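What follows is one structure encoded as structure tokens, with my remarks underneath.
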Amino acid sequence: MSILILIVIIIFLALVSSFVPIGNENSTVRRLPWITFSIITLNVVIFFATLPVVAGEQDRLARLVTHVEKFIEQHQELLADENLRSKLVDAGLMTGRQADALGAQLQNSPDLQSEYDRWLRSAEAQGLRADLEQRLTDYKDAAANTLWNKYGLSPNGKWKVYQLITAAFLHGGLLHLFGNLLFFFAVAFSLEDLWGRGVFLSFYLLGAVVSCVPSLVHPAAVPSIGASGAISATMGAFLFRLPKTKIKLLCLHFWLVRLMFGRKPLVVMLPGYIYLASYFIAQVISWYFDKQAGSVSNVGYSIHVAGFMFGAGFALMMKLTRFEENHINPRIEAKVSFSAAPAVTSALEALDKGDALTAEKKLRGHLAKNPDDTNALLTAIQVYQKTSNFDRLNAMYARLIRNHLEDQDKEAALYAYDGLLSAFPEDNIAPRIPTRDWIQICEYLQTSGLSREAGVEYERLVKAWPDDRLVLRAALQGGEAALIAKDVDRAFNLFQKAEATNPAEPFAMRVQAGLDQCRRILDARPKWEKRASESSSPATLINEATFSGD
């Protein structure tokens, strides 16, 4: 039975660690999350600014450790000295369990212990001990002067108050840094939008402090660094504040395979109460097994658990006291509504009450006089999303995209277009915006290195506007983009669409060149791959590579 439980636990931990949160379904916020962006930026800047110094320090420490280890290998009899074993444990070069095991072994062999005691009193042993202690002193002095020791949480209980904050802005490597920041971004911007910048910043810093408590109670032999304690606090808060909000998860195990074969990585959406609760349980289990094994892990599971519990408690306190509803939300709404027109504010109030019809009436009149009001367009988008009026939703997004393009902000136009795609049901994605604007978005995708996604959107355009005068340009450019992405089936389909328009020169030459290149690639395919390609409908191909901004 115990073996079965262990297998279940291993499978559970493997599943949880396979998924990394990269966002959540609440992509719309009232204000830009400056605190979230600032924390992310500060962590990245500090990491790269300190990287040369840290690399040099770690290289020196590694050499000093090697000197100590080689010396001990040559003179293992010195480990019979209990004081030396304690010093090695204090320096982090031996675990307490290893030292206790050696001590127990000697206690079980009184004759051997007596022989070592006599040898340790000899002149030879005194000289070797002094040599080892000097090597240990050199190592400890070098470790004490490292940046991680000064600004991380210093080991062995020698910490300073400011380190409770500064430790949260240091990281041990790129994976440590970007792994933490992915987890943070997935939940932080939503909490900042709900709690406001001041409260969220205070919560984050307090989370960094409280998560250090386990390291203060049971000091480690090495400095503690990383933002994971504070980030775990945001995850715990998200679980209690937005439990049903779906979190977007990237499956790491499928990433490499799908990257190699040109497919989109596997992304799933799970409610927060499922993923975040699983994450917390996984941290508790990992901490328990680490403690039972007596190992020194590079992962601060106890810090994660403490941070998560603090975040959950903080969110629960906010909920019970209604501090957010009574104090935070009114101030944010006042600031947000300050620049909005009265009609937009009234529409938002009606929408909050569930009266989408009244909200639409107010917005229609306002937009008739102010067609370029971005706030009104965004509010109208919320109304039509709520009522599933996809024709009007297309129209509002089209106007928003046109505004962004007129402002020469193609990135904002692309994000708006991505919002339009996300607004449709997954089995019926049917955007329809003016062809000239659509082509600009496709061209921006291609110049951004997203040729496959550009090909998908060009094909959508051609299907949506088959009789438009710009369909030749869209089909031709789409075919060329798909060829660059090695998406030959889509490229061939688009070049055929372009050929059907009877293009004049020089377009006819480009179309023919594209068709010839596609035929050469298709003819060179294995027979089984040709049959699979022929059985794939265009709709299936589109669904395989739909651009979603992930």
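Against the main long axis of the alpha-carbon atoms of the chain, helix 2-18 sits at an angle near 50°. Taking the number of Cβ atoms within 10 Å of each Cβ as an exposure proxy, the fewest-first ranking of CYS442, CYS518 is CYS518, CYS442.
Bridging of LYS319 to aspartates and glutamates at a Cα separation below 18 Å is possible for GLU192, ASP193, once same-chain residues fewer than 8 apart are set aside.
Once you list every other residue whose beta carbon is under 11 Å from the beta carbon of ASN403, what net charge do they have if Lys and Arg are +1 and Asp and Glu are -1?
Working: positive: ARG399, ARG402; negative: ASP372, ASP373, GLU406, ASP407, ASP409, ASP437.
Around ASN403, the surrounding residues sum to -4.
Among LEU112, LEU4, the order by Cβ neighbours within 10 angstrom, fewest to most, reads LEU4, LEU112.
What ranking do GLU453, GLU73 get, fewest neighbouring Cβ atoms within 10 angstrom at the top? Before the final figure, lay out each step's value.
Values: GLU453 22, GLU73 8.
With the fewest neighbours first, GLU453, GLU73 line up as GLU73, GLU453.
Can you tell me the equivalent ellipsoid semi-axes for the range 49-130? Use √(5λ) from the Cα gyration tensor, largest first, whole Å. Intermediate values should be presented prior to the final figure.
Values: eigenvalues 192, 45, 14 Å².
Taking √(5λ) for each Cα gyration eigenvalue gives 31, 15, 8 Å.
Placing unit charges on the Cβ atoms of the charged side chains and taking the dipole of the chain about its Cα centre, the candidate lying farthest along the positive direction among CYS442, GLY207, GLY179 is CYS442.
Which number comes out as Rg/Rh for the chain once both Rg and the Kirkwood Rh are worked out on C-alpha atoms? Show your work: numbers first, answer last.
Details: Rg = 30.8 Å, Rh = 28.2 Å.
Value, to two decimals: 1.09.
Based on DSSP H segments of at least four residues, each scored -39500 (n - 2.57), the chain has a per-residue ellipticity at 222 nm of -23000 deg cm²/dmol. Cross-link pairs exceeding 30 Å between alpha carbons, from the set LYS361/LYS497; LYS87/LYS150; LYS160/LYS248; LYS70/LYS160; LYS244/LYS410; LYS244/LYS463: LYS361/LYS497; LYS160/LYS248; LYS70/LYS160; LYS244/LYS410; LYS244/LYS463.
Mind putting a number on the dipole of the range 54-163 about its Cα centre? Charges go on the C-beta only, +1 for Lys and Arg and -1 for Asp and Glu, and I need it in Debye to the nearest 20.
Numbers: 14 positive and 17 negative charges, 113 e Å.
Computed charge dipole of the range 54-163: roughly 540 debye.
Helix 374-387 and the longest principal axis of the C-alpha atoms of the chain enclose an angle of approximately 90°. For the chain, the longest principal axis of the C-alpha atoms and the axis of helix 174-195 are separated by about 60°.
Values quoted throughout were computed directly from the atomic coordinates according to the rules given, and no laboratory measurement underlies them. Predicted model, so just to flag it, every value in this text is computed and none were measured. Because the Cβ atoms are built from the backbone with ideal geometry, glycine has one as well, and the counts that use them run over all protein chains shown.
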